[in-house]
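J.: One structure, pasted below without further comment.
Where a number appears in this text, it was derived from the coordinates with a stated rule and is not lab data. Please read these numbers as outputs of a predicted model, since none were measured by experiment. With ideal geometry, Cβ positions are generated from the backbone for all residues, glycine too; neighbour counts draw on all protein chains shown.
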Amino acid sequence: MTALAALVALLAAAPSGEAPPVSMSLPEALAELDRQNPSLEEARGRAAAALGVVRQAAAPLLPNLSAGGGYFHNNTSVIITAPSGGALERIYLQPLDAWYGSAGLRVPLIVPEAWFSVAAARDSALAAAEAADATRLAVRSALIQAAWTAFATTGNPTVPGEPAHAPREVQR
């Protein structure tokens with residue numbers, strides 16, 4: 001596996017005259033590839049966006065609570081007095097200061113179109129996740145294929161022109 005790791009270092013090396021290539025094992029090279037590959041980042045972003053669509057599609061199935069209120073001040077109050085059982089009762093038609101409020105709760109019981117939307121969004125999210133995994137595998141196989149090609153043409157990818165001498169783990 002050290003030959004593959006050396007190839008990864010050779011492929012990532014800058015032109016001559018700059019810093020020497022960094023040697024790393026195959027698992028380290030694959031982990032670095034997973035962290036820095038733009039195609040993988042794009043595929044992961046599409047999968048994350050598809051999960052956001054699932055949450056958005058599920059919104060009509062959630063309860064909705066709304067509340068409102070306020071205060072107003074009138075320039076004058078309007079009060080009338082009316083007889084009520086032998087006594088006069090004061091009835092406020094327009095109070096000077098007033099508070100008001102309202103609240104509402106909507107609980108969806110049956111929303112079939114939302115069920116189908118959520119199911120379709122989940123399927124899309126699963127497909128995006130599978131596509132991201134397929135992209136990851138394709139990028140990894142391209143790296144390994146390039147490593148084997150470089151090893152076959154140069155022998156030892158860390159020292160170009162040296163005869164081929166593969167370590168035992170690479171020969172298997």
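J.: If I model a spin label as a point 7 Å beyond the Cα along the Cα-Cβ vector, how far apart are those points for residue 141 and residue 114 in nm?
T.: It is 4.2 nm.
J.: Moving on to the next point. Through the Karplus equation 6.51 cos²θ - 1.76 cosθ + 1.60, θ set to phi - 60°, convert the phi angles of segment 116-124 into ³J(HN,Hα) values in whole Hz; use x for Gly and Pro.
T.: For segment 116-124, the Karplus-derived couplings read 5, 5, 5, 4, 5, 5, 5, 4, 5 Hz, x marking Gly and Pro.
J.: Can you give the extra length, in nm with one decimal, that the chain gains between residue 102 and residue 48 once fully stretched, where that is 0.36 nm per residue apart less the Cα-Cα distance?
T.: 15.6 nm
J.: FRET efficiency for residue 62 and residue 149, Cβ-Cβ distance as r, R0 = 45 Å, nearest 0.05?
T.: In this case the efficiency is close to 0.25.
J.: So what is the relative contact order of segment 63-107, in percent, for Cα pairs below 8 Å that sit 6 or more residues apart?
T.: For segment 63-107, the relative contact order is 53 percent.
J.: OK, next. Just to be sure I understand the model, the point goes 7 Å from the Cα along the line to the Cβ. What's the resulting residue 77 to residue 90 distance in nm?
T.: Between residue 77 and residue 90, the simple spin-label model gives 0.6 nm.
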